[in-house]
Amino acid sequence: SSDTALVNLLVLSFSNAGMKEKNSATTASTLGRILATCSKQAKDYGSCVASIVHEIEKDLCLKQFLALKSCMQHTVKIMSPRPSSSQTSVGSGALSHAYIQHPSLRCNVPESRGLFYDDANRLLICVTSSQVFSWETATFNPDVSPSVDSIPEGPILSVRFSLDKKVIAVQRSDCEIQFFHRETKQTLTHKCRAGSESLLGFFWSDSPLCDLAVVKTSGMDLFACDSAMNLRLVETKKVNVNWYIYTHESRLVLLASGLQCKTITGFQLSTAGVVRLPKFEMTLASTESNSKPIISAGDVHLVTVYGRIYCVQVDMEAMLLHTYRFYRDAVVQQGSLPIYSSKLSVSVVDNLLLVHQIDAKVVIIYDLFVDSRAPVSAPLPLLWRGYQGSDTSPQAASKENESPESSTSSENIVMYEDAWTFLVPDLILDQTNKVLWRVHLDLEASWLAISASSSDRTSLLEFLQRRKLEANKAKQLCLGIARALILERRPATQVTQAIDVLVTAYSYSVKAGIYKELKNGKTTATIPTNDGASPDNERGRASGSSLDEEEEEVEMNLPSGPADEQQESQLSSPAISPDELYKFVFASVEEMMVEESDYLVAIITEFLRSISAEKLKVDLNIYVMTIRLLARSKRFAELSLFTANKIIEPSKEVALQLLESGGQDPRVRKLGLDMLRQLSLHHEYISSLVQDGYYLEALRYAQKRKVTSVRSSLFLEAAFASNDMQHLAAILRVLSELIPGFKETSEYYTFHGLLNETSSSVAV
Amino acid sequence: MASMSSGDESLRLCVFDLRRGQTEGQELDKILFFHPPELDVSTQLSVTGLSEGLITFTRLFSPEAACEVIEAERHSHVFFEAETDIWMVMVVEKNKDTGAIWRIDALRGMLKEVHSLFVMFHGSVRALLEKEPTGGLTRAQLYPFITDYLSTFQKRSRSEDWCCDLFVGKKLQLPNFRETTLSERGTVQMLTLARDTALEVQSLVQVLDSCAGNLQCLSMILFQDLLVSTTLSPDDTVNLFTFAVMRLTSQALLSSDASSWSHLRKGTGSSETSSRSTSGSIDSLHHVIRPLQNDKWKKGKDGFLVTDIWGLETGGSPDPAIPIVWLQETQERVYLLAYQYKSLTLLLLLPETDIVNGGLSAVKQQVIEQASLRIMKIEEKISRGWGGENAYHVKGYRYLVVDTDLEVSRASPSGKVATLAKESLLALNKLREEVDLEKSRAKRQERDLEICIRAKNNAWVIARVSRDKELYMALEKASDTLLDATDAVGRFSNRYCSGAFLMD
């Protein structure tokens, strides 16, 4: 709600101010100044809340809140001006979860006639009268030079490359598409019946049925296209179409019909075939007047998060953003999000939905994974970051050092200006400056915001575990949270839940094949997600996705699902392996928890239970540590229970630790001895027995198991020390039998001599 | 020894305090407990007098450990110094007809056990005597306690009305040697758990601990009459385990349910009846609590076990009072809460001093809210993996393994032991006696012992002691050679005792 948002904001402002001034006194005065400066706005907001407090609902006072927020941000900005050298920011203030970052992809071509985006190939296309420039956006490398193709002159309404990038298709008018083969320079023109129908657009498909889909007012034509560019009509879907939207990501095309364009027919052209979705009606609030609002193509967005396909639709009358989720056999409305702006667009970054409230110039982040439709964080502006932002992601930081030069100065950037086009999933095209931005998320800021607004660390961990883009950062944050939970001595049940989340997430990612160990300690997060997904590969891989059909899941699968996962395997997932949990959480807090070893043991036990439930293994050092902790608090009874039940899994290291801790309690030492014997670690067992003075038993054992690796002098010296000459004689005899040639050793002579000296009565 | 030959009394048991009754004519003051109570005073005095004389005499030679046992022609006198100068002496008749001889260590084990249990519920005898120097309170508590304890060994089938025999002078019985030969008093029997179950249990233990909020809450979990988990010290575990198996486990409740009808019909057995007892040693002035009284525990609707043994809560509450026990390890008084779900019995121990008014019901509520679901799941899980009463039966073997250090033992199921021929059992009993003797003699560090005996019926009875682990075994169907018999033991040791007993 706005109230929590305010709290977030305060927290954020002060964490900022605090960082600058490093003084709690000045931080307190910051609050005072903010409240003094923004007293009117604060009062307005407060009175708004107070007036409706009995019926308060989320975001009722948003208008007042936004006013207060902007005032506060303004104040904070004046008070703590950012040093321009290290980081320059544009936008209202430095508070943000989402930002665009330098460098941008520049596509300024002289005599440019238009910019297009081919989402299937992730190409940014700029056309002049006779040329097509295309940039790869997948790598988002500003240094990359465009590939240039010449095409005959003519009007261009849209451009799309075929999935193998061999053919450029250009829509010339509402009844004509031209195809140009980039190698053979072959040209083909496809026309539809003029007058009776008009062409709305087209897209390439990788479904086995067709390669090209052409959407017209009368329906959709599906064509197969061979290498010689012969188009063959395969199928026609007859629907009256007012407009359509398509994203290659979802392979879903939505055709809108009806007076209000409310009736939607959908098809998924996936590698599994063409699936027709049930027809559904979008929701539009009816107004008092008889005017019937019409949904336009810009009001509807296809959103792909967590492998699910959603559609979000703007309902300006109701000021709501309706969400629908697509299943294979159903379209289910999911609830609605509030709108605070007459213009609106969406991006998807790292499976989070970013709703740009363009008029308000703020972005609100939602996590559609959770059932709650509450935003992840308060509305905050989109930020522009310069060269060496402190929070820059690694890939940006490394590249920027080499190319500091850029002509895009911050003065040119106007946030949410009219010429901005939001591209699927996370790109922003600034038509004025002819630059392309990628939207980033500041994980730490969102983490801070969430943790400030809710004390529920479990859902926070879940949120972080779902992050893919900045996996390493998410992972570090998770480890930090886990450590903090233990150090703060949170109730064991809370810590348990948190650990369960981490273990389950790890187990899932291992099963799904996403998790990959970091190699050489280097972060693999430097590779952007969408890297290297050339359509060729994607197509090849995606063809395997037909298997998805056999899964029981009724949910509509993304055709490129497996391909995505494969791409992600190159990243380190935020999943934390049990070994890492041991190393970075348990082992690291051990020293600080000396006084609370009982508590730590309780947590470790829950951790082991969680691991065992997921059938995972963990570094055996955690058992060694558990023994240490139990022995420290003198819980020997439980220690023997833990060992007997194999909660502490037997191993040599564990046995040795038991022997060591057994210095305080002989029963524990015995557990260690028993474990050595059970593990058939004969040498260690015998040595320990001798060390404890059980040299006869040790020798018997050695004789029985034919162990000769233990130094014979050990037994002899022990027996000699005990002053029992009968034992010494017996040992000499057994050793003579056990070790061939023992009688010839000097050892034998020494002890035999000693024996004769001391007692001549004992025969050997 | 005229008093010993007086008749059919097979058992005499007395507790006396050497510090009391030092002056002539005051000797009776020494005696804190005597069974049978109806025996005339002079006989009682002669038994204690003889015992005291022996103790004083033997102390001349061995001040640390005075006499342990006197073997007379027809009786054995077993001595146990329970607390300094407080002695328990048991006189048992040797049964010539059956040839069954009581193993002295087993008898002393009983004395030890009854004393430990008494201390658990009432505190030490010495402390009681100091609190109330006339000894009246001590006697009033000891009398029903020991009698209740011994009544446990009565054959249930033979004594429909055994719950009342406390005050009608019925003959008490010691446990049958069939039952004691392959068992070890003062140890607990553990349930072997699979690792994942053990982790679930441990997790439950932690939940139970958290139910008491900031207080320390010790706990013990039993499945049927086997120990699943404990956070108590070994000695406290043994005591509480013994009590739980006697009175609290699902089986103990079940058998008391079976006899509850007769109990109800007679309308006796409540602690109030002590006032009209025929025995002179009961002092009706004292509030006598009979913690070991049978038939007194019931499972309440909320799953907690309730009893009126401790009377009602103070302050006019209709709820029965929660029992309080002493912990040996910490010398702390703790409330004992027992929760039961099917075969699973959970004991919670909460420090008395830290519990404020209503604190216990809050803990109970927490247990029901936080733990009952887990308890249900664990019970189900254990039950599914549980092999029944013969789970620890090993075909062809009748065995007892004791770990004296950990105070843990495991034995063949009693139903299987019962199939042994009497000769085998007698031989085994004799063998154990030998081992006991050998153990007490060999105070040396390396206590390694191996004895194989061929019994009259050609069965092999074998004892194997290796440091602090003991193995006793009867093999009736083993072949003729000693080698085969030791091989069989070696196989058993490797398979079931993780090779603890190395056989030559």
Query raised in the report: Does at least one position in the range B:213-233 carry a residue that is assigned to a helix (DSSP H, G or I) and more than 9 Å from chain A (Cβ to nearest Cβ)?
Result: no
Query raised in the report: Which one of these is of a type outside the set (Asp, Glu), at pLDDT 85 or above and surrounded by fewer than 18 Cβ atoms within 10 Å (Cβ to Cβ): A:Ala613, A:Ala602, A:Ala575?
Result: A:Ala613
Query raised in the report: For the range B:409-431, which residues satisfy the criterion of being open to solvent by less than 40 Å² (accessible area, probe 1.4 Å) and either in a helix (DSSP H, G or I) or under 12 Å from B:Glu184 (Cβ atoms) (or both)?
Result: B:Ser409, B:Ala411, B:Val417, B:Ser424, B:Leu425, B:Ala427, B:Leu428, B:Asn429, B:Leu431
Requested in this report: Please tell me if B:Glu64 is open to solvent by 20 Å² or more (accessible area, probe 1.4 Å), part of a loop (DSSP other than H, G, I, E, B) and either touching a Leu at 6+ places or on another chain (Cβ under 6 Å) or within 29 Å of B:Val238 (Cα to Cα) (or both).
Outcome: yes
Query raised in the report: Where residues in the range A:701-726 are open to solvent by less than 50 Å² (accessible area, probe 1.4 Å) and of a type outside the set (A, V, I, L, M), which of them is farthest from B:Asn494 (Cα to Cα)?
Result: A:Asp724
Query raised in the report: Which one of these does B:Val356 not meet: (1) part of a helix (DSSP H, G or I); (2) without any contact (Cβ under 8 Å) to a residue 40 or more places away in the chain?
Result: (1)
Requested in this report: Filter the range A:671-692 down to residues that are open to solvent by less than 10 Å² (accessible area, probe 1.4 Å), in contact with a Gly (Cβ under 9 Å, 6 or more places away or on another chain) and not small (Gly, Ala, Ser), then give me how many there are.
Outcome: 1
Report task. Evaluate the following for A:Val585: is it open to solvent by less than 10 Å² (accessible area, probe 1.4 Å) and away from chain B (no Cβ under 14 Å)? Result -> yes
Query raised in the report: Do the conditions hold for B:Ile368, that is, is it assigned to a helix (DSSP H, G or I) and crowded, with 19+ Cβ neighbours inside 10 Å?
Result: no
Query raised in the report: Inside the range A:644-653, can you point out the residues that are within 13 Å of chain B (Cβ to nearest Cβ) and either under 38 Å from the mean Cα position of the chain (by Cα) or part of a loop (DSSP other than H, G, I, E, B) (or both)?
Result: A:Asn645, A:Lys646, A:Ile647, A:Ile648, A:Glu649, A:Pro650
Report summary line: Restricting the range B:8-19 to residues that are of a type outside the set (A, V, I, L, M, F, W, C) and at pLDDT 90 or above, the one farthest from B:Val78 (Cα to Cα) turns out to be B:Arg19
Requested in this report: Considering each residue of the range B:323-335, count those that are in contact (Cβ under 8 Å) with a residue 24 or more places away in the chain, surrounded by fewer than 23 Cβ atoms within 10 Å (Cβ to Cβ) and not in a loop (DSSP other than H, G, I, E, B), and give that number.
Outcome: 4
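Give B:Glu81, B:Glu38 a once-over and let me know the one that is closer than 27 Å to B:Glu130 by Cβ and of a type in the set (D, E, K, R). Steps first, answer last, please.
Details: B:Glu38 fails: closer than 27 Å to B:Glu130 by Cβ.
Sole residue among the options that is closer than 27 Å to B:Glu130 by Cβ and of a type in the set (D, E, K, R): B:Glu81.
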Requested in this report: Would you point out which residue out of A:Val239, A:Val234, A:Val275 is open to solvent by 30 Å² or more (accessible area, probe 1.4 Å), touching a Leu at 6+ places or on another chain (Cβ under 6 Å), more than 16 Å from A:Gln171 (Cβ to Cβ) and among the hydrophobic types (A, V, I, L, M, F, W, C)?
Outcome: A:Val234
Query raised in the report: Does A:Ala702 meet the test of being within 13 Å of chain B (Cβ to nearest Cβ), closer than 22 Å to A:Leu755 by Cβ, in contact with a His (Cβ under 9 Å, 6 or more places away or on another chain) and free of Cβ contacts under 8 Å to residues at least 60 places away in the same chain?
Result: yes
Query raised in the report: Taking the range B:481-504 on its own, how many of its residues are under 20 Å from A:Asp674 (Cβ atoms), assigned to a loop (DSSP other than H, G, I, E, B) and either away from every other protein chain (no Cβ under 11 Å) or under 30 Å from the mean Cα position of the chain (by Cα) (or both)?
Result: 5
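Is it fair to say A:Asp143 is within 29 Å of A:Gln268 (Cα to Cα) and either acidic (Asp, Glu) or at pLDDT 85 or above (or both)?
No.
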Requested in this report: Could you check how many residues of the range A:117-137 are open to solvent by 10 Å² or more (accessible area, probe 1.4 Å) and over 30 Å from the mean Cα position of the chain (by Cα)?
Outcome: 5
Report task. Answer yes or no: is there a residue in the range A:466-474 that is hydrophobic (A, V, I, L, M, F, W, C) and closer than 24 Å to A:Ala613 by Cα. Result -> no
Query raised in the report: Are any residues in the range B:454-471 within 14 Å of B:Leu502 (Cα to Cα) and either in contact (Cβ under 8 Å) with a residue 40 or more places away in the chain or more than 29 Å from the chain's Cα centre (by Cα) (or both), and if so, which ones?
Result: B:Asp468, B:Lys469, B:Glu470, B:Leu471
Query raised in the report: Before we move on, is A:Asn756 within 14 Å of another protein chain (Cβ to nearest Cβ) and either surrounded by 15 or more Cβ atoms within 10 Å (Cβ to Cβ) or at pLDDT below 90 (or both)?
Result: no
Query raised in the report: Within the set of pairs 6+ apart or on separate chains, which have a first residue in the range B:208-230 that is at positive phi, a second that is open to solvent by 10 Å² or more (accessible area, probe 1.4 Å) and part of a loop (DSSP other than H, G, I, E, B), and C-beta atoms under 6 Å apart?
Result: B:Gln224/B:Ser343
Query raised in the report: Quick one: is A:Leu656 at pLDDT 90 or above, under 30 Å from A:Lys615 (Cβ atoms) and away from chain B (no Cβ under 13 Å)?
Result: yes
Query raised in the report: What pairs come up if the first residue lies in the range B:96-108 and is farther than 13 Å from B:Ile70 by Cα, the second is at pLDDT 85 or above and part of a loop (DSSP other than H, G, I, E, B), and their beta carbons are under 8 Å apart, counting only those six or more places apart or on different chains?
Result: B:Ala106/B:Arg185
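The values are calculated or read from the model by the stated rules, or taken from the named source; none is laboratory data. Everything numeric here is computed off the predicted structure, so don't read it as measured data. Glycine also receives a Cβ, built like all others from the backbone with ideal geometry; neighbour counts cover every protein chain displayed. The area values use the complete protein model at the heavy-atom level, side chains included, leaving out ligands, DNA and RNA. Shrake-Rupley method; radii C 1.70, N 1.55, O 1.52, S 1.80 Å.
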